[in-house]
Structure formats: structure tokens, C-alpha cells
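Taking it in order: structure first as C-alpha cells, then the write-up.
The values are calculated or read from the model by the stated rules, or taken from the named source; none is laboratory data. Quantities reported herein were computed from a predicted structural model and do not represent experimental measurements. Here the Cβ positions follow ideal geometry from the backbone for every residue, glycine too, while neighbour counts run over all protein chains shown.
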Amino acid sequence: MEWASQLCENRGLGSKMTDSKYFTTTKKGEIFELKAELNSDKKEKKKEAVKKVIASMTVGKDVSALFPDVVNCMQTDNLELKKLVYLYLMNYAKSQPDMAIMAVNTFVKDCEDPNPLIRALAVRTMGCIRVDKITEYLCEPLRKCLKDEDPYVRKTAAVCVAKLHDINAQLVEDQGFLDTLKDLISDSNPMVVANAVAALSEIAESHPNSNLLDLNPQTINKLLTALNECTEWGQIFILDCLANYTPRDDRESQSICERVTPRLSHANSAVVLSAVKVLMKFMEMLPKDLDYYGTLLKKLAPPLVTLLSAEPELQYVALRNINLIVQKRPEILKHEMKVFFVKYNDPIYVKLEKLDIMIRLASQANIAQVLAELKEYATEVDVDFVRKAVRAIGRCAIKVEQSAERCVSTLLDLIQTKVNYVVQEAIVVIKDIFRKYPNKYESVIATLCENLDSLDEPEARAAMIWIVGEYAERIDNADELLESFLEGFHDESTQVQLQLLTAIVKLFLKKPTETQELVQQVLSLATQDSDNPDLRDRGYIYWRLLSTDPVAAKEVVLAEKPLISEETDLIEPTLLEELICHIGTLASVYHKPPSAFVEGSRGVQHRRLPPRAGSVESAESPDVGQSGPSEAPPAVIPSQGDLLGDLLNLDLAPPTATVPSVQPSMQMGAMDLLGGGLDSLMGDESDTLGGDIGGSPSMGAGLGAAPTAMPAALGGAPPVGGGLGDLFDLGGGVGMPTGFYVVPKTLWLPAMKAKGLEISGTFARRGGIIQMDMSLTNKAMSVMTDFAIQFNRNSFGLAPAGPLQVLTPLSPNQTIDVSLPLSTSGPVMKMEPLNNLQVAVKNNIDVFYFSCQFPLSLLFVEDGKMERQVFLATWKDIPNDNEAQFQIKDIHLNSDAASNKLQGSNIFTIAKRTVEGQDMLYQSIKLTNSIWVLAEMRVQTGNPNYTLSIKCRAPEVCQFVYQCYEMVLKN
Amino acid sequence: MIGGLFIYNHKGEVLISRVYRDDIGRNAVDAFRVNVIHARQQVRSPVTNIARTSFFHVKRSNIWLAAVTKQNVNAAMVFEFLYKMCDVMTAYFGKISEENIKNNFVLIYELLDEILDFGYPQNSETGALKTFITQQGIKSQTKEEQSQITSQVTGQIGWRREGIKYRRNELFLDVLESVNLLMSPQGQVLSAHVSGRVVMKSYLSGMPECKFGMNDKIVIDKQGKGGTTDDTGKSELGGSGKQSIAIDDCTFHQCVRLSKFDSERSISFIPPDGEYELMRYRTTKDIILPFRVIPLVREVGRTKLEVKVVIKSNFKPSLLAQKIEVRIPTPLNTSGVQVICMKGKAKYKASENAIVWKIKRMAGMKESQISAEIELLPTNDKKKWARPPISMNFEVPFAPSGLKVRYLKVFEPKLNYSDHDVIKWVRYIGRSGIYETRC
């Protein structure tokens, strides 16, 4: 007691003798000394020594050698000392499992202590000791504590179940703790309920499919009742758990929302954000014409704004979440622009986030204010922030047409400041403004040209070069300007080199007479002196285009460019939906799904918003007034460099939007990048146009054919390829009289993996032509164009026989069915499994990869019927080792019907023999690569099981042939 | 959930390290030191991800607190917890400093064991904690005392214990507002809002039921309507000429029954004992801006600036504003400043790059002026001076939002005192928040 009173004195009156001294002892032989002190008879000395041990432990010294001595101090009635010893145990028990057993007795004894605080302490600590033997002893005390009369002990025991589950999940299940935990949800004490919910939620996360948190209206009701009574932290656990529930209908959804909305006035920001999460999620189910829906929307804004008066770290979390909410439901905060104005003393992370939201909320109504603010920001100190502010001005110009003029003049003012990074950033955005409003602001080019020398960043240089090339006819000394860049061509970054190449070609096409030398120079620099394949290829293409047909070159290079979209950096809708379900959590701060940063099974489940009930309207399009984004879902500007655009000088501009007119040319570019596709595309098109160039035209021939194909397509004529596709389709329809069995389409590429592109498909053989039938669905927000496909080398040399015929852009939520004819003349490489096919699909956004498996029957050719004699000879010739036997079960067909069915898939019956009521069918199959497969099928009348023997010189195919049999016969 | 909590000094030495989860290793302690504390740049994000481990950090004076996790935790909760941890520590041993933390490390460990279990925040109310975390060894508590503690810690009213007795029942109510302003050089209000707090000190016996009323527009309008048929509504209004204010949003201490506020907009609660924050609120409409700043900056050539700033007080002449301070930023290349002011004292502080003008007191509807000549060193720096805004500090004895406390009623049915016996004190203080005028 003496020590205690002294301590109090210290705290009250400043320090004579304080605990900090424990941090300073660092002499040699310390451990030895401590050992002696720990074993001292004097209580005070003992306690002092334990404190020293803990201090050493804190700073990272290894004091595990003192284990037995410290554990000896455990038996004490001094609670403070006991807690210190427990702390030591939690740290070192794992490294000294055998000695940790010494502590078990004390724990078990403490669990029976009359004082509930000590019972709870013991069970809490025991759960933190990850030693198997201790865990065994924990079960009984824990079971008692879960039913303890004191709520403090029960709430501690509830968490302890989660601890135990983390150590040994099986044990928890076997001991039935999960059921006890579920019972605690109905406990009379709100804190017990909250901790039970937290523990169950955590356990459920590692068992994604279990029905642990069996949320039904009754439990939900219990949770909502506890919500009103428990601590702020408990409210968070309960709200986070509620967010995982999916109400059965809109009425239930509304009633839960009504009971959650009062939480929006809680002082704890986490309670508010978790409540927002529940509301945002459940709102999804409410019909939009409901009055309550509007009320709810109005109730959400004030608490979100209030979050911005919290401490800066919380503001940051709130802003990251508001960024998501604004994308999902712009109407909530559309009138609250002012609160996102940046304050001079805001930390930089808050400033950058606010700026982001300002751009999203900018509209015609508030643009004047926003611009005035942005102009202020552009003079601040932090370089990142200033850059972002300048960029934001450009985005405003593009987003709100009425403001474009003022934005441009503001940018010009900023350029006049001559601050290097401001100028560069301004030039980059002005280039985008030119793209958005052609022939409007070109008068500023002169000002821009003055700053040519100060540009040292590749992006700015490339932007400037693009401007010079694009407006070469209006800039008198364009050739001189570009020539000056050419001097250090090899020191430039690829971005600048590509741009320079294109700009000079443009210049040449516009002013051919004076610039011939220049263009030759750049073409030879690009093609001969560079090892960058992109640059070289582009150089070659330009070169050939120019030398073959300058008119076509003009059509291609100076083609009208697609408009750029208004919104930037939008999160993909599927990801956005998932993140909305994670409001308030780390995922919403990182803007990444939990699987991207959490290890193991936890949090890998994808969360989805519930489907909207009771209304027909499309669920996603936000119903905003004039100010928000328009009806059409905004297009996303992809951040990656766009390969396609690259080729045709669209790289600078964020490529998007719908531009049917340039489609064919873009596609040509795409095919080339996929390797040799240019030839095949050109070859095919000329084929259908009645040309006689078929076969495998050389590069030159392909280009030669271009002028005929391209102008037609460029002029928006009926898509040539579409007709081609139709033809194939028709052919397919006619070509399957006996019915090749087509497996229903399966999902090959989920939208999650392909930035919104979903592909499902199947294979078919129609009239001797192998086809890959695919449904492409656009689940992203932006229009997808420029599809192309390529296969990896595979076992049977499958390769696309033509380009992927997707000639109209794929708008959001649109699905398009395509049939891709395949040939078997591609490169061969054995795959595992044999019928595996790796596919790359490319669109304007990225290249995506997936693999699928085709049925081998795809490769059974029509002339697979073998002569009887040959069959007999071959059968004998193939060694018996190569014979494989299979059972085909549950087939209720007689042998003739089976034979007919199989013939539809080019499995030909050559002979039939009946022996003792058993039909023996002899069959032959020929694969595209001329491998023969021979089969004997035994059919016993009345027995639904067939026996199939397959012989082949390449025995590895037998398994797959058998699969085809089974598939054909069963369908 | 939270996997561990570390406290460091400014050098990055660990003062406290408490690990709750097995997935957090000792190397996490070092990772944070190396990547955040020792990083030379300013903090670019309060959440840092290092090798798939997320660190949530806040800094209090020289001390870093970092919560660590490898899971998808509720980020808002982690920060709220860190703030709460700071509050609890301050309540126990005062300022958070290296010395205080070292002196109380055993206590801190004990607190951390109690308020975080397996990374889940438990009860963090200081009132409740102080009943059983005392650092006085084990007290021989009676069984009743023990169960009283546990029921308070886990119970519905975790913030108040039973059996409190005062000879004199007294309560103090402070309406503390901070008024925030951003004004353009031309005097246009770009943004203005008041964030207010109602702080209560209650010394009441028993478990009193309280009801708090203010001139909230929604309540007054409702009563005004009801008043035509209902007399009680009218009489309660008293001076019916009093204006009401529109509250944008408010949040409450956890003692307030939120569902009741949501349905009836009445603020009823059983208060904690001692000092606590009853509510926070925010208003943006009809704010009384106590001061106006009129700046005039003129560049005379490249080496001289002339600055003139006028401040006008805008409230009842009978009231006095105090602790007035105007901060006029100066360019980095300032070589000398001459200041003339009519009232108060003004000084150029080179280390802060500002002229600081202080006035002790100023009555309402008055005006004062300062003029300064700033001499500049010629520089080659192409970038123009950013002209940070002129900021102001002050304190006024009224609520700039217009908020008025209408009543605070106390009912204690079990004990023998009535609302009239409680002595109540109300005070209004308006302070400057971020009160800036661009120049």
C-alpha cells in the first residue's frame, strides 16, 4: 500500500520517483540482477522487478530467459502485479510452451474467483496465449464464463471464443461454443450482445459459406434493440453486422432504415459512417418514387458534412468515403460544394481529397465559385496540390461547357506566371480542351508555343508536340518547332518519340512540299535507330502508308477524332458497388476490394448491393437533375496507355466515346498489335468483297487492298464485317442437319477480372467449320470498342480464322453475340489438359486473358468414316497398351439411336455385330490433325450402361473422346 | 480488427507496444519507424500500408500513436479509438508527453488491456474506468461494489454510477462556438459556418433525468403551430419574439436518447457526472460575423509592399470582444517592416513570416486600422508570393449562431429534490475558428 500511495502522489504532484527509470537501466548482467530481484521475498522489490522486465520487453529486449521467475510471481493478490505478469505471459508463452503450463493452474483458479473482474481477466488472458496445452485447459473455464451470472464476464468470454477460434477453429466447433455464442445474441445485456455479434462476424468471415450469422427478421430485431442501448463501439459492431443482411423486401428494408437513421446524430464518426453504410445499401431496395426514399436522401447529407469538422485523420477517412458516395449517388451532396473548399491549414491529404470531390460536384450551377477557388489553389505551395488544382481547372472546362472559356483564360493567366510545373500541367489540360471543343480556342496556341523551351516533363512535351502537329497548318514555323525536338530524339521518352513521329507525319500530310526531308528523317530515326518495337512498328506503318497511298494515309492519320468524355477516374461500377458495402472500412479508404490487401481467406468474399425491388427502371443510373451526370452512364477514361489509339495518334487524348466512323481503321491497328492480324483482316475483307487475293497475302498486298475497304467503312457504310458474320451464321445454321451438340454457354471471363467485360461462350462445329460462339457483355460504364482476339498456341493448332467481328461499339449493359470461325492451322503446343485453350481478348481498355476448354468432338472431321478393312487392320495394328476402356452409364437409347446421335458429331459407325443379345458397334473418328480414333461400343439391351473401348495411336486423347461420347449420348 | 497498438516518441523509440493479434509481428514496430517517423517528408496520408500491414497514425505533440492491422477494419472506428485513447490517457495523467507516458507505462498497459480486447474496443468512458483501474493494487471491494462496477462497465448507462450524492445540486452549461469564415478580398463570404458545442458540468445527486431545450427552428415552428390550439406551448415560449435558428446537423453524447431526438426532436438524457460534451452542432444560416477584415495590399515596385488592414466589430456596443489577434502574412523575402496601428500592439515576427497585431479588448460597432510598409529583398524567384489569407482570433461573449438555451429541466423521482432546487449557470462564448480573409 505504501508504494501505491506514493504512486498517487507522483501522479498528482509531478515526479520525484517515477516509472520512467525502468526504461534507463541498460547495464550488463541486468538479466542476472533481475532474476535475483524477482525471487526476492519482498513484495515491493518483486513488483519493481516485474516492471523493469516489462519495460525491457517494450523496447524490444529479449527477456524470455526470465520466464520461470516471472511466472512465479503470478500467484498474488495484487491485481496490478498480476496484470503485469499476464502481459509478460502473452508475449513469451509461445516461445516457452512447456513452461507456460506452469501458469495453467493459476488461470483455472482465477476463473473461479468470486471477483468478476478477476474471472474476466483470467479468461481474457488465457485466450491470448497461443499454446495448445493451455488452450485445452481453457475450454472448461470458458464454457462456464459464457454462462456466468456477471455480464462483464460474459462479454469477455464472447470475445474469447473468437480468440480460440483463431487458434483452433475445429476445437471451437467441436466444443459447441458457436451455439453458445449465438445464444448470447439474445442476452439481456447490450454489451454482451455487441461483443457476441463482433465475435460471430469475425468467425463467419473465415467461413464464407457457413450460415453462422443466421440473420433473420427476429435476430435483426434483437440487434436493432441492442443498438439503442450499447456503447458506441458496440453500435459499430452491430451496424457493421447489419450491413451484411439482405432484407426480404422493400418494407423490411424501410423499417430497418427508420431504426438506423437516429444513429446519424451520434458523436462518434464511426457510428455515423457505419449507419451511412447500412442506409446506402438498403436504400438500393427502396422504390425511388417512395416518399421515404427522398426523405432518406435528405437526411444523409448533414451528417456527412458534419464529419468534415472532425479531426483531420477522420476527415480523410470521411472524404475517401464521400468520394464513393458522390459517385454512387451524386444527388446527396450536390448542394454542398462549399464545405469541400480547401482551408489553408488543412493537411495535404485532406486538401487533395477535397479537390477530388470538388471536381466531381462541379456543375453549371456552382462553376463560378469552383473556378475562383481553383485559381486560388493554383498559387499554393505544395506542388502536388497545385498540379492537381490546375488539372482540375481543365476538367471543369471539359465538364461544364459554359465555363470552358473562363477556364481557358484562367489557364492562360497561370501560364503567364511562368512557374514551371504550373505551365506544364496547364499545357497538358489545354490539349484535352482542344480535343473537347475543336476549332474554338486555337487562338491560344501562340502563347503556348512561347513556353516550348521550359517543358521538361514527357507528358507536357508530348502534349505540346501533339498540339503543334494537330494544328500544323496554323503554326507558321511548325516545321522548325518540331525539328528542334528531333535533335535529341533518342533522349526523349517513348511517349514523346511516338508523339513526335505522328506529329511530323501530320505535318507532312498538311504541308507536303516543305517537310519531306523532315518526315524522312523521323521515319528513319524511328525505324532504323530505335529498339522500341512500338515506335518501330508505328514508323513502318506510316512509311508504308505514305509510300503506298498518300490519300489513304491522310484518311487514316488525319481522321476525325472521337470526343473525350466528361468524367474521369470513375471507379468501375462493380468495384464501386463492392466498396459501398465496405463504407467506413479500410477498403473504402484504399478504394480497393479487401482481397487486394488482406491475406488469407478473410474478407475475400465479394459484397454486392441488393437488387432494387419493385421498380423497372435500370438500377444504376442515378436520377439526378440537370447538374449531375446525364442519363447515359458516364464513360470512364482508362488510365493505361491505349495501344490502339497509339497507332493512330489518338494516344494523347483520353480515348473513349462512340466513333463508329473510325472503327475499321482502329481495328486494323489492333490486329497488328496482336501479331499478323493485319494480314488476315485485310485478306478476309478483300475475300468477301470479291477480291482474289485470298490465301495469305503479304503485308504489302494487305495494304494494297486497304483503299478499297477503308473509305467505304470510314464513310459509315454498312459494316462489311457484319455481313461476313451473318454469312457465317447462316452457313452454320444450314450446316448441322444431324445436330452437333453444343454445350450451353459458360462464363469464361467474369466482369470483375476484365474491367467490366464479361465473356461467356461455347464451341460448335457447323458444316465443317469450327466456331467459337461468344456473348460479350459490357458491364462497365464506358463504351467498349476495338475488340480483337488471339489464341495462345494449343494442342490442336486452333486459331481464329478471321478477326473478331464486333463492329459496332459495345455500349454499357449491352450484350453482343459473335461467332468466330476457327481454323486448325495455327501453331501447335501441347497443353495440359489437352483441350485447354488460352485466349487473349483485347478492347480499347486493356488486354484480358482467360482459358477455356473445348470438347474434342469439335475436331472430329466429316470424312472420318474408315473403310472396314482398314479399320480391322488398324485395330490390330495398334498395341493393346493403347486401348482404354470406359463405362457410359445411364443411357436409355438402343444401339441404332445411339449410333445416329453419334454420327451427328462425326463419330461414324462402320459395322455392327450382335452377339448374345449384345450389340457391338465399331466406330471411327478422325481428328483435324489426322489422328484416327477407333472405338468399340458394347450395348446390352435392357442395360443402361455401355462399355466403350477406345484405341488410338495417341492414347492421351482417349479420355477426351470418352467425354465426347458421354456428352453426346446424354444430351 | 486492431492487431496492435504502438506508442513512439519523436525519435521513433517505442514507449508502449501492445500486440493483440498473432498476425502482427515485432517487425511491424520497426517498419513504422523506418517508413513513417523517419521519412523526411510530411505525412501524405494518415493511413500507411507497408507490406500488407496498415498503420493508422495520429500525432499528439511529439508522440506518435499507431494502430496496426492486417485486416479490413473499420477505419473510422480505429481513428475514433485512437482519439479516445488520448482522451483517456489525458484524463488519467494529463498531457501526453514522453515523460508522462514513461512514468505511467504500467497504467497504460492496464488501460490497453481493458479498453481493447482482441482488438475490439470495449468501454472507454473514463468515468467508468476510474472506478476500477486505479493503480492502487487490489482494493478489498465488497461484492456489491464489484457488481456495481461490472454493471456500469457493461450496462446501458455505462457513463454514470449509482449512488452519487451532492449537498448542493448544481450544473454549469457552456455554449462554446467557433465561428469559421472564408472571405474574398472584396468582402464576399465564400464560406461561413459555426461549429458549436454544449459542454455541461453536472453535480447532481442520484440518477437524474434531464431535458434540454434550445431555440431550434424545427421545435419552435412545431410549437408555434401547435400553440393556436395548445396553451402550454405558448406559455413555454415566453418571449415569443425570440428568433429561432436553423441547425444543419447535430451529434450527441452517447447518453442522449437518439431515437427520441429522431422522432420528437427532444433532447433527453441521464447525464454523466462531472464535465462532458452534451452535443455538437453546426449552423450555416444567419451567422453573426463578429468581425470584418478589410485588406488592402499594394505592391510598390519589386521591393516594397504597402498593407492596410481595417477591422470592424459587428455586435452590440455593450458587449466586449477579447483576445483579438490579427495575423497578416508577409512574403518570405521580407527584409524590414514598419507598422503603425491605432489600437493595440503590432509586431513583425520574422520567424512566423507575419505581422501580429494584438488588441486586448474592443467593443461592438467599432473600427480600427493598421498600416504597414514591408520592404522586400529582390529575388530571382519567378514564382509570385502566394499571399496566404489574413487570419484572425478573438473571443466574444455571445453565440454567433444565435443559439439560446431555453431550458434544462432536471427530474429525479427517487430523491428529494426538484428542478427548482438545482442551481444552473449558462454561459455563451464565441471564438474564432478558422477566420480568414483573402488578400
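Here is a yes/no grid of residues against (1) closer than 27 Å to A:Asn971 by Cα; (2) in contact (Cβ under 8 Å) with a residue 24 or more places away in the chain; (3) among the small types (Gly, Ala, Ser):
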residue: A:Gln771; (1), (2), (3): yes, yes, no
residue: A:Lys779; (1), (2), (3): no, yes, no
residue: A:Asn792; (1), (2), (3): no, yes, no
residue: A:Ser795; (1), (2), (3): yes, yes, yes
residue: A:Ala799; (1), (2), (3): no, yes, yes
residue: A:Val818; (1), (2), (3): yes, yes, no
residue: A:Asn844; (1), (2), (3): no, yes, no
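Name the residue that is nearest to A:Lys182 (Cα to Cα), counting only residues in region A:208-260 that are polar (S, T, N, Q) and touching a helix residue (DSSP H, G or I) at 6+ places or on another chain (Cβ under 7 Å). Spell out the reasoning first.
Step one: of region A:208-260, the residues polar (S, T, N, Q) are A:209-211, A:216, A:218-219, A:221, A:225, A:228, A:231, A:235, A:244, A:246, A:253-255.
Still in the list and also touching a helix residue (DSSP H, G or I) at 6+ places or on another chain (Cβ under 7 Å): A:210, A:228, A:231, A:235, A:253-254.
Working: A:Ser210: 13, A:Asn228: 20, A:Thr231: 20, A:Gln235: 18, A:Ser253: 23, A:Gln254: 26 Å.
Per the criteria, the residue is A:Ser210.
A single entry from B:Gly127, B:Gly119, B:Gly94 fulfils the requirement of being small (Gly, Ala, Ser), crowded, with 23+ Cβ neighbours inside 10 Å and more than 8 Å from every other protein chain (Cβ to nearest Cβ): B:Gly119. In this structure, B:Ile434 does not satisfy being outside any helix (DSSP H, G or I) and more than 30 Å from B:Phe172 (Cα to Cα). In the condition set (1) at the interface with chain A (Cβ under 7 Å from one of its Cβ atoms); (2) under 19 Å from the mean Cα position of the chain (by Cα), B:Met85 is compliant with all but (1). None of A:Val423, A:Val444, A:Val419 is more than 14 Å from every other protein chain (Cβ to nearest Cβ) and either touching an Asp or Glu at 6+ places or on another chain (Cβ under 6 Å) or among the β-branched types (Val, Ile, Thr) (or both) except A:Val444. Within region A:337-382, the set of residues being more than 8 Å from every other protein chain (Cβ to nearest Cβ), surrounded by fewer than 19 Cβ atoms within 10 Å (Cβ to Cβ) and among the aliphatic types (A, V, I, L, M) comprises A:Ala365, A:Ala368.
All of (1) exposed (fewer than 15 other Cβ atoms within 10 Å of the Cβ); (2) assigned to a strand (DSSP E or B); (3) of a type outside the set (Phe, Trp, Tyr) hold for B:Met392 with one exception: (1).
Across region B:298-310, what is the number of residues that are buried (at least 18 other Cβ atoms within 10 Å of the Cβ) and out of contact with any Asp or Glu (no Cβ under 7 Å at 6 or more places or on another chain)? Qualifying residue count for the region: 2. Any residue in region A:110-120 that is more than 14 Å from chain B (Cβ to nearest Cβ) and buried (at least 22 other Cβ atoms within 10 Å of the Cβ)? So far as region A:110-120 goes, yes, one or more of its residues are more than 14 Å from chain B (Cβ to nearest Cβ) and buried (at least 22 other Cβ atoms within 10 Å of the Cβ).
For residues that are in a helix (DSSP H, G or I) and either in contact with a Pro (Cβ under 8 Å, 6 or more places away or on another chain) or free of Cβ contacts under 8 Å to residues at least 12 places away in the same chain (or both), tally how many sit in region A:551-572.
Kept after step one, since they are in a helix (DSSP H, G or I), are these residues of region A:551-572: A:551-557.
Those still in the list that are either in contact with a Pro (Cβ under 8 Å, 6 or more places away or on another chain) or free of Cβ contacts under 8 Å to residues at least 12 places away in the same chain (or both) too: A:551-552, A:555.
Total satisfying the criteria: 3.
Quick check on region B:42-56. Is at least one of its residues farther than 19 Å from A:Pro347 by Cα, surrounded by fewer than 20 Cβ atoms within 10 Å (Cβ to Cβ) and more than 7 Å from chain A (Cβ to nearest Cβ)? Yes, some residue in region B:42-56 is farther than 19 Å from A:Pro347 by Cα, surrounded by fewer than 20 Cβ atoms within 10 Å (Cβ to Cβ) and more than 7 Å from chain A (Cβ to nearest Cβ).
So that you can scan it fast, the table gives a plain yes or no per residue for (1) more than 27 Å from A:Leu747 (Cα to Cα); (2) part of a loop (DSSP other than H, G, I, E, B):
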{"site": "A:Gln838", "(1), (2)": "no, no"}
{"site": "A:Asn844", "(1), (2)": "no, yes"}
{"site": "A:Tyr849", "(1), (2)": "no, no"}
{"site": "A:Cys852", "(1), (2)": "no, no"}
{"site": "A:Lys865", "(1), (2)": "yes, yes"}
{"site": "A:Lys876", "(1), (2)": "yes, no"}
{"site": "A:Asp881", "(1), (2)": "yes, no"}
{"site": "A:Gln885", "(1), (2)": "yes, no"}
{"site": "A:Met920", "(1), (2)": "yes, no"}
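Screening region B:99-111 for residues that are facing chain A (nearest Cβ under 9 Å) and of a type in the set (A, V, I, L, M) and picking the one that is farthest from the chain's Cα centre (by Cα) gives B:Val106. With the condition kept exactly as written, say whether any residue in region A:188-199 is more than 24 Å from A:Leu290 (Cα to Cα) and not in a helix (DSSP H, G or I). Yes, there is a match, as at least one residue in region A:188-199 is more than 24 Å from A:Leu290 (Cα to Cα) and not in a helix (DSSP H, G or I).
Give me a count of the residues in region B:381-430 that are within 14 Å of chain A (Cβ to nearest Cβ) and either out of contact with any Lys or Arg (no Cβ under 6 Å at 6 or more places or on another chain) or under 25 Å from B:Lys308 (Cβ atoms) (or both).
Total satisfying the criteria: 13.
Tell me whether region A:194-205 contains one or more residues that are surrounded by fewer than 22 Cβ atoms within 10 Å (Cβ to Cβ) and in contact with a helix residue (DSSP H, G or I) (Cβ under 8 Å, 6 or more places away or on another chain). Taking every residue of region A:194-205 in turn, at least one turns out to be surrounded by fewer than 22 Cβ atoms within 10 Å (Cβ to Cβ) and in contact with a helix residue (DSSP H, G or I) (Cβ under 8 Å, 6 or more places away or on another chain). What are the residues in region A:277-293 that are under 20 Å from A:Val197 (Cβ atoms) and over 24 Å from the mean Cα position of the chain (by Cα), if any? Scanning region A:277-293 gives a single hit, A:Leu279. When B:Met207 is tested against the conditions (1) touching a residue at least 60 places away in the same chain (Cβ under 8 Å); (2) not aromatic (Phe, Trp, Tyr); (3) not in a loop (DSSP other than H, G, I, E, B), the lone failure is (3).
Only one of A:Thr225, A:Thr219, A:Thr261, A:Thr231 is over 27 Å from B:Thr251 (Cα atoms) and not hydrophobic (A, V, I, L, M, F, W, C); which? Checking each option against the conditions leaves just A:Thr219. For B:Ile328, the requirement of being modelled with pLDDT of 90 or more, among the aliphatic types (A, V, I, L, M) and part of a strand (DSSP E or B) is met.
Give me the strands (runs of 3 or more DSSP E) completely within region A:694-803, filtered to those with at least 1 residues that are under 30 Å from A:Tyr542 (Cβ atoms) and either modelled with pLDDT of 80 or more or within 32 Å of the chain's Cα centre (by Cα) (or both), ordered by residue number. Write out each step before concluding.
On the way: elements: A:746-749, A:757-766, A:769-778, A:788-791.
Correct list: A:788-791.
Answer yes or no as to whether B:Ser268 is touching a strand residue (DSSP E or B) at 6+ places or on another chain (Cβ under 6 Å) and within 14 Å of chain A (Cβ to nearest Cβ). It is true that B:Ser268 is touching a strand residue (DSSP E or B) at 6+ places or on another chain (Cβ under 6 Å) and within 14 Å of chain A (Cβ to nearest Cβ). Here A:Gly768 meets the list (1) out of contact with any Pro (no Cβ under 8 Å at 6 or more places or on another chain); (2) crowded, with 18+ Cβ neighbours inside 10 Å almost entirely, failing just condition (2).
Looking across region A:149-179 at every residue that is on the phi < 0 side of the Ramachandran plot and small (Gly, Ala, Ser), the one that is nearest to the other protein chains (Cβ to nearest Cβ) is identified as A:Ala162. Here A:Arg536 clears all of (1) at pLDDT 90 or above; (2) loosely packed, with under 14 Cβ neighbours inside 10 Å except the condition numbered (2). Scanning for something surrounded by fewer than 20 Cβ atoms within 10 Å (Cβ to Cβ), touching a residue at least 12 places away in the same chain (Cβ under 8 Å) and within 12 Å of chain B (Cβ to nearest Cβ), does region A:317-326 turn up at least one residue? No; the residues of region A:317-326 include none that is surrounded by fewer than 20 Cβ atoms within 10 Å (Cβ to Cβ), touching a residue at least 12 places away in the same chain (Cβ under 8 Å) and within 12 Å of chain B (Cβ to nearest Cβ). Among residues that are away from chain B (no Cβ under 11 Å) and in a helix (DSSP H, G or I), A:Ser274 is not included.
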